[in-house]
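**Student:** Take this structure first; my questions come after.
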Amino acid sequence: MPHTLAELIIGHAAGREVKAGDLVVVPVDMAMGVDSLTPSIIDVLQKELGVARVHDVRRVALFVDHVAPASSVPTADNQARIRRFVTEQGITNFFDVGRGVCHQVMIEEGLAQPGQIVLGSDSHSNSYGAIGAFGTGMGSSDIALAWASGHTWLKVPETIRIQVRGKLRPRVSAKDLSLVVARQIGNDGAAYRSVEYHGLDDFSLASRQTLACMTTEIGAKVGLIPPSGEVAERFHVPSWLRLEPGARYERELTVDLGTLLPQASVPHSTDQVVDVATLGKVKVDVVFLGTCTNGRLEDIRAAAEILRGHKTAPGLRMIVVPASSQVLSEAIRDGSLLALVEAGATVGTPGCGPCIGRHMGVLAAGEVCLSTGNRNFRGRMGSPEAMIYVASPQTAAATALTGYITDSTCV
């Protein structure tokens, strides 16, 4: 029987053929924890499970990225506790303040690989599907169990197939594709499903990461893109990890890239998506370029292409937070970051930045933000009276230039 990618990966880990709906226990290749949840994971591991040490330090990775550097004494205390735990356990896969967003660094460091089972204590762990790994987010208890035993349980998900055809227009990006899909499927339309993107052979790794990451916003358990192109060149792809013609999909959706226009999610739901050109004149106070969704070199370059030689609009604040120290270095070397700084942007420490509303640019009541992040629910980035629009790096740069949410194809 032909299998979906989710069935192939879980079946390979389980050592037997599986189908959607099966419950299986599988070994975990990597279980990642972030600073905001790791203290609670440690509590479950040591206090509730009574396990003193992790099962295999090689399969544990820890990050200080969500509030980095620490913004308060309690946050600093929790981060200090994580560092003590790392030393006591002998964990070598530890990435402290400034290394960057966990999902970006996991890919850069090769801690996620095609065909693997990779768990994370952050909901956007779907990102690892960009390289064909079964990446999925779990809560503190499940991560603690994986640390303690090296295994987890999964229900094999049904799969939604998204067939992509054609080529993107200039200044239209993978983010716009992900938002169109969110508009059509809805916030929970892919609840506990696997979402497979087909037809992306020409898409860069960075664009694939955006798409896989954004499957979280439609409720998906995992977002999977068959390894090809740049991914197949950079990673070892096991021979068994391939599309099998005739696999059964619960639902299929086709998107023509050639007709795609710049998109934006409007407050206060990611699936409330419209063409940017239809928004009218929406004045913006803050433009935020960054996050696990769009803080990569490709994104910074795209924004720099639009803003180079220009100035951001009077009264507008533009915050740029590279997804990792590697991205920061590369953007400095190629001049992209300099172009943004000279345009009027300010640069933050690589990490999650203001995405979760805890530091580095918290929004005030009544302020409007155009973010390249992934969420715009009420209170996400600060005051519940603030308004967040989600869009692409190109739309962010065009907006920074004019001061109003702007179609990037028109500047």
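The values are calculated or read from the model by the stated rules, or taken from the named source; none is laboratory data. Here the structure is a predicted model, which means the values were calculated and not measured. Here the Cβ positions follow ideal geometry from the backbone for every residue, glycine too, while neighbour counts run over all protein chains shown.
**Student:** Test THR349 against the criterion of being in contact with a Ser or Thr (Cβ under 7 Å, 6 or more places away or on another chain), farther than 17 Å from THR293 by Cβ and assigned to a loop (DSSP other than H, G, I, E, B), and give yes or no.
**Tutor:** no
**Student:** Hey, ILE319 hits all of (1) without any contact (Cβ under 8 Å) to a residue 60 or more places away in the chain; (2) outside any strand (DSSP E or B); (3) under 30 Å from GLY219 (Cβ atoms); (4) not polar (S, T, N, Q) but one; which does it fall short on?
**Tutor:** Only one criterion is unmet by ILE319, namely (2).
**Student:** How many residues, within region 259-295, are touching a Ser or Thr at 6+ places or on another chain (Cβ under 9 Å), part of a loop (DSSP other than H, G, I, E, B) and farther than 20 Å from ARG171 by Cβ?
**Tutor:** Summing the residues that are touching a Ser or Thr at 6+ places or on another chain (Cβ under 9 Å), part of a loop (DSSP other than H, G, I, E, B) and farther than 20 Å from ARG171 by Cβ in region 259-295 gives 2.
**Student:** Going residue by residue through region 326-346, is there one that turns out to be in a strand (DSSP E or B), surrounded by fewer than 20 Cβ atoms within 10 Å (Cβ to Cβ), not assigned by TED's automatic domain parsing to the domain that holds PHE63 and not basic (Lys, Arg)?
**Tutor:** yes
**Student:** Mind listing whichever residues of region 218-230 are surrounded by 23 or more Cβ atoms within 10 Å (Cβ to Cβ) and either more than 16 Å from THR159 (Cα to Cα) or among the basic types (Lys, Arg) (or both)?
**Tutor:** Correct list: LYS221, PRO227.
**Student:** Among (1) charged (D, E, K, R); (2) over 26 Å from ARG16 (Cβ atoms); (3) in contact (Cβ under 8 Å) with a residue 12 or more places away in the chain, which single condition is GLU244 missing?
**Tutor:** Unmet condition: (2).
**Student:** Sticking with this one: Kindly list, by first and then second residue, each pair from a residue in region 392-411 that is more than 12 Å from ARG171 (Cα to Cα) to a residue that is among the charged types (D, E, K, R) and modelled with pLDDT under 95, limited to pairs with Cβ atoms under 7 Å and residues at least 6 apart or on different chains.
**Tutor:** As it stands, the answer is TYR404/LYS281, since those pairs meet every condition given.
**Student:** Just wondering, is there one or more residues in region 140-148 that are assigned by TED's automatic domain parsing to the domain that holds ARG251, free of Cβ contacts under 8 Å to residues at least 24 places away in the same chain and out of contact with any Asp or Glu (no Cβ under 9 Å at 6 or more places or on another chain)?
**Tutor:** Yes; the residues of region 140-148 include at least one that is assigned by TED's automatic domain parsing to the domain that holds ARG251, free of Cβ contacts under 8 Å to residues at least 24 places away in the same chain and out of contact with any Asp or Glu (no Cβ under 9 Å at 6 or more places or on another chain).
**Student:** What tally of residues in region 176-211 results from selecting those that are part of a loop (DSSP other than H, G, I, E, B), closer than 27 Å to SER324 by Cα and hydroxyl-bearing (Ser, Thr, Tyr)?
**Tutor:** Within region 176-211, residues that are part of a loop (DSSP other than H, G, I, E, B), closer than 27 Å to SER324 by Cα and hydroxyl-bearing (Ser, Thr, Tyr) number 1.
**Student:** Got a sec? Which of ARG208, ARG171 is in contact (Cβ under 8 Å) with a residue 24 or more places away in the chain, surrounded by fewer than 24 Cβ atoms within 10 Å (Cβ to Cβ) and of a type in the set (D, E, K, R)?
**Tutor:** Matching residue, one of ARG208, ARG171: ARG171.
**Student:** Which members of region 121-151 meet the condition of being hydroxyl-bearing (Ser, Thr, Tyr) and in a helix (DSSP H, G or I)?
**Tutor:** Of everything in region 121-151, those that are hydroxyl-bearing (Ser, Thr, Tyr) and in a helix (DSSP H, G or I) turn out to be SER123, SER125, SER127, TYR128, SER140, SER141, SER149.
**Student:** With the requirement that a residue be touching a helix residue (DSSP H, G or I) at 6+ places or on another chain (Cβ under 7 Å) and not polar (S, T, N, Q), what does region 133-159 give you? Even if it seems obvious, please write down each step before you answer.
**Tutor:** To start, the set of residues in region 133-159 that are touching a helix residue (DSSP H, G or I) at 6+ places or on another chain (Cβ under 7 Å) comprises 134-137, 140-141, 143-144, 147-148, 150, 152, 154, 156-157, 159.
If the condition is that a residue be touching a helix residue (DSSP H, G or I) at 6+ places or on another chain (Cβ under 7 Å) and not polar (S, T, N, Q), then PHE134, GLY135, GLY137, ILE143, ALA144, TRP147, ALA148, GLY150, LEU154, VAL156, PRO157 are the ones that fit.
**Student:** Out of all the residues in region 328-382, which are in contact (Cβ under 8 Å) with a residue 12 or more places away in the chain and basic (Lys, Arg)?
**Tutor:** Correct list: ARG358, ARG375, ARG378, ARG380.
**Student:** Among the residues of region 213-258, write down those that are farther than 18 Å from LEU179 by Cα and in a helix (DSSP H, G or I).
**Tutor:** GLY229, GLU230, VAL231, ALA232, GLU233, ARG234
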